[in-house]
1. Which distance in nm do the two modelled labels at GLU36 and ILE199 give, with both placed 7 Å along the Cα-to-Cβ direction?
2. On a 21 Å Cα-Cα criterion, which of the cross-link pairs LYS93/LYS163; LYS39/LYS183; LYS45/LYS113; LYS10/LYS142 come out too long?
3. Once amide H atoms are placed 1.01 Å from N in the peptide plane, what residues at a sequence separation of 5 or more from LEU172, or on another chain, have their amide H within under 5 Å of its amide H?
4. Against the longest principal axis of the chain, how steep is helix 185-194, in degrees 0 to 90 to the nearest 10, with axes from Cα atoms?
5. Ignoring everything except DSSP H segments at least 4 long, calculate the 222 nm mean residue ellipticity for the chain; use -39,500 (n - 2.57) per segment, divide by total residues, nearest 500.
6. Which value, in Å² and to the nearest 10, is the accessible area of SER123 when all protein chains are kept and the probe is 1.4 Å?
7. Under 14 Å Cα to Cα from LYS130, which aspartates and glutamates show up? Leave out anything in the same chain fewer than 8 places away.
8. With a cut-off of 8 Å between alpha carbons and a minimum separation of six or more residues, what is the relative contact order of the chain in percent?
Amino acid sequence: GAATVLCTDKTGTITENRMEIFQLYDFATDKVLSKENWKSESAQKLLSTAMWSSENVPFNTMEIAIHKSYEENIRVDRRGEFKMIHEYPLDGKPPMMTHIFAKKNGERIIAVKGAPEAILASSTLDVAQKEKVNEQLEAFAKAGLRVLGVGIIEFEGNEFPEKQQDFKNTFLGLIGFYDPPKKNISQVFNQLYDAGVKIKIITGDNLITTTAIAQQ
């Protein structure tokens, strides 16, 4: 037999599957923040909200990176103060997830994260604001970053909507994750090219991000 085309996944096959948060886009200040600037109030809110919308015991590499960044950068850890009272699992095309936490005194946190397109679609932003966020999303993707959108929700009462997409969120920003290509992957590709095999990437990731990783 013979093969002329090899189809491959990206994450964990071409890349190391070792997610780390590389940059934040803070919508409130319209700034891209590197790690040394994650102590600002709005950056703290963005990281905290991303953590609240993640699993309590994360297994997804992106959520593990979020919890790690929370532990390393948040000044006051409030995880012991709140209890989850309602959960919307990862759902929708593109996907998003929403968690509702409450404190005994009635204080609530309703946090949402997911594909930026999904978070923007259910946000309170106008068309011009969404265009500005999409410009930053494209810049992150061109740098080879995987991106999540994050929002916070204000909601009164206990009659939560059936679908999380029916909430309106206040958009907080974007989280850009970097998953570097494996160190030997170029050598592997060249061996395949020398053998006359073409390579195709089949992935659920963003097209621009995938292109940037392929170029790297």
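1. Label-label distance for GLU36 and ILE199, simple model: 3.5 nm.
2. Working: LYS93/LYS163 13 Å; LYS39/LYS183 32 Å; LYS45/LYS113 13 Å; LYS10/LYS142 16 Å.
In this structure, LYS39/LYS183 exceed 21 Å between Cα atoms.
3. Close amide H contacts, sequence-distant or interchain: VAL150, GLY151, ILE152.
4. Computed tilt is about 40 degrees.
5. Details: 6 runs with 66 residues, N = 216.
It comes out at -9000 deg cm²/dmol, rounded to the nearest 500.
6. Approximately 10 Å² of SER123 is accessible to the 1.4 Å probe.
7. By straight Cα distance, LYS130 reaches ASP26, ASP30, GLU117, GLU138.
8. Values: 363 pairs, mean separation 62.5, N = 216.
Relative contact order for the chain comes out at 29 percent.
The values are calculated or read from the model by the stated rules, or taken from the named source; none is laboratory data. Remember, predicted model here, so these are calculated numbers, not experimental data. No Cβ is skipped: glycine too gets one built from the backbone with ideal geometry, and neighbour counts run over all protein chains shown. When the accessible area is computed, the model is the full protein with side chains, heavy atoms only, and any ligands, DNA or RNA have been set aside. Shrake-Rupley method; radii C 1.70, N 1.55, O 1.52, S 1.80 Å.
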